[in-house]
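The values are calculated or read from the model by the stated rules, or taken from the named source; none is laboratory data. Predicted, not measured: the structure shown is a model, and the values here were computed from it. In this analysis, Cβ positions are derived from the backbone assuming ideal geometry, glycine residues included, and neighbour counts consider all displayed protein chains.
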């Protein structure tokens, strides 16, 4: 009995490991080269244009939404605010569009890119809840990290990094400043951009126990706190802080119901972004600013969507398309037919490892249909009687090729009168010794 | 009888255990010295930034120590059994063979557990000297899959050593390595937090599994 249990434990282990490693081996052998479609709104032809990799090598296509193909240089000239350095090199600056002239400095001053990837969301990645609160008025050219770190909790604790001890004075000053501004402790969430490679420091946004949002900055080593006015129906899930030289927007505010807003830098005004079908759990988002338009582009692994907006974020055009990478490759079709499922450990939308079974559906019946007779032949070859085959065959019927390989690796013991009798008994050395008279 | 079996395991393992204990204490001392050195030559706030934001693991020298420990314990425990057919003699003791094998692995895995607890406590204590408690807790959580690697390496090696047929030994080694490979996929800290219970549960399958090579040994040799 214990030997049977042991074998089935090994079968289960082998099947689980095969379902993880064989798909990884397949991907290593048949690498996936297609990237995401690069989608833009052309201010020249006022249509969406895209660049896509169609296959091996450099099979790029440069196309607009009507299906017209372009040479690479012509394509780049359709989106001159993206390729403005090439435009300058090719002597096309300043350029005139919609009756306005744009030179390099003007283009640079109007450009901004805001991004939000699923991996950035707090629930999608672990983060030690300790953050450096930079001095926002460093009085020098570069920002620098402070010698203390902020621990948001029942109070706003500061820990000195040289001594690895709490700084009571700083802790008291900042905690009291927040409490005086109406902040309800404990801190529910903290949002900021931890970097010194940014044009200025905007501090941190802290969510309090009543889901109200506060802006905290450290100016001349003293706290500056401001409450961010929120509409009553808005529950903040995440704030993406992205300091930018343009000085118009501080970043993005994502709500619990998946609405996205731009956060104004001066007055915390929230500008809603019209993004139909946007799902922050699995879609990467980019908002491109240029002197004429704002374009939101968001995509998951199969589809890319874009909304072109005017400077007041009113939609003027929309476009969606299935990306080439969404098409199932022949090798993936064969794979889906060969094995009934795979186990993926890595999450493309987050840093946490997860056990994600991916079922291959009815096509896997082909692989199961091939595996079953092979398993039957193998088990009969091992001398098993028909009624003893059933559990192993059932396993192969559910797990297909994995089950067949596991049975090949850990076959049932060859049937013999002696082994059959002993396999039914526990591993009893004393009993055997008694029967054999000892070795 | 059980006391005699445990005494025999102790006699087999005591020198290996002493060597491993010295190795673990030495590695923890090295971790302390390397962290102390880093904090001497770099600004403390930069090291904290690397650790918290850039997700560097300043304690990754401990990564493969548990797996090595598991393999060494298994080799020290079961190589003597496989020399000159001593395993067959052990199977003739007046105790059920499966109970005997499980007693052995409980003893070996128990010693591995003691060393794992030493590693976790040492890691927490040393990290706490240089970092706030959140970082020390995070370090232990990050190291948990590595500690599970010790369990997997112990059982993988045990299966390979107890197995009488050479090809099947390779299968057991491959199985152990395939499982071990799942425990080192991280790119930063605490990425196994949500999957570790499932991996730990799967690793429990090694406990019943270890009976099969013993069964095969008894019925083939």
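For the reader, a short list of remarks on this structure follows.
- Residue within region A:396-404 that is more than 30 Å from residue B:93 (Cα to Cα), assigned to a helix (DSSP H, G or I), at pLDDT 55 or above and within 13 Å of chain B (Cβ to nearest Cβ) present: yes
- Test set (1) in a loop (DSSP other than H, G, I, E, B); (2) crowded, with 21+ Cβ neighbours inside 10 Å; (3) out of contact with any helix residue (DSSP H, G or I) (no Cβ under 6 Å at 6 or more places or on another chain) - residue A:151 fails condition number: (1)
- Checking each residue in region A:171-182 for being touching a residue at least 40 places away in the same chain (Cβ under 8 Å) and surrounded by 12 or more Cβ atoms within 10 Å (Cβ to Cβ) picks out A:173, A:174, A:177, A:178, A:181, A:182.
- Inspection of region B:108-121 identifies no residue that is out of contact with any strand residue (DSSP E or B) (no Cβ under 9 Å at 6 or more places or on another chain), over 26 Å from residue B:188 (Cβ atoms), surrounded by 17 or more Cβ atoms within 10 Å (Cβ to Cβ) and within 12 Å of another protein chain (Cβ to nearest Cβ).
- Any hit, region B:179-188, residues being facing chain A (nearest Cβ under 8 Å), closer than 30 Å to residue B:88 by Cα and either assigned to a helix (DSSP H, G or I) or free of Cβ contacts under 8 Å to residues at least 60 places away in the same chain (or both): yes
- Single unsatisfied condition, residue A:389 versus (1) at pLDDT below 90; (2) within 26 Å of residue B:86 (Cβ to Cβ); (3) in contact with a helix residue (DSSP H, G or I) (Cβ under 6 Å, 6 or more places away or on another chain): (2)
- Candidates B:64, B:87, B:78, filtered to the one that is within 14 Å of chain A (Cβ to nearest Cβ) and in contact (Cβ under 8 Å) with a residue 40 or more places away in the chain: B:87
- Looking at B:28, B:11, just one residue is more than 14 Å from chain A (Cβ to nearest Cβ), within 20 Å of residue B:141 (Cβ to Cβ) and assigned to a helix (DSSP H, G or I), and that residue is B:28.
- Any hit, region A:105-116, residues being part of a loop (DSSP other than H, G, I, E, B) and at pLDDT below 95: yes
- Flag if residue B:139 is facing chain A (nearest Cβ under 8 Å), in a helix (DSSP H, G or I), within 30 Å of residue A:348 (Cα to Cα) and within 20 Å of the chain's Cα centre (by Cα): no
- Candidates A:151, A:101, A:140, A:127: the one that is without any contact (Cβ under 8 Å) to a residue 24 or more places away in the chain and touching a strand residue (DSSP E or B) at 6+ places or on another chain (Cβ under 6 Å) is A:151.
- Residues (closer than 19 Å to residue A:227 by Cβ and either out of contact with any strand residue (DSSP E or B) (no Cβ under 8 Å at 6 or more places or on another chain) or part of a loop (DSSP other than H, G, I, E, B) (or both)) located in region A:154-196: A:155, A:176, A:179, A:181, A:182, A:183, A:184, A:185, A:186, A:187, A:188
- Residues in region B:48-61 that are free of Cβ contacts under 8 Å to residues at least 24 places away in the same chain, within 11 Å of chain A (Cβ to nearest Cβ) and outside any loop (DSSP other than H, G, I, E, B) were compared, and the one that is farthest from the chain's Cα centre (by Cα) is B:49.
- Take the conditions (1) surrounded by 17 or more Cβ atoms within 10 Å (Cβ to Cβ); (2) within 26 Å of the chain's Cα centre (by Cα); (3) away from chain B (no Cβ under 11 Å); (4) closer than 28 Å to residue A:351 by Cβ; residue A:122 misses just one of them, which is (1).
- Residue among A:14, A:74 that is out of contact with any strand residue (DSSP E or B) (no Cβ under 7 Å at 6 or more places or on another chain), away from every other protein chain (no Cβ under 14 Å) and in a helix (DSSP H, G or I): A:74
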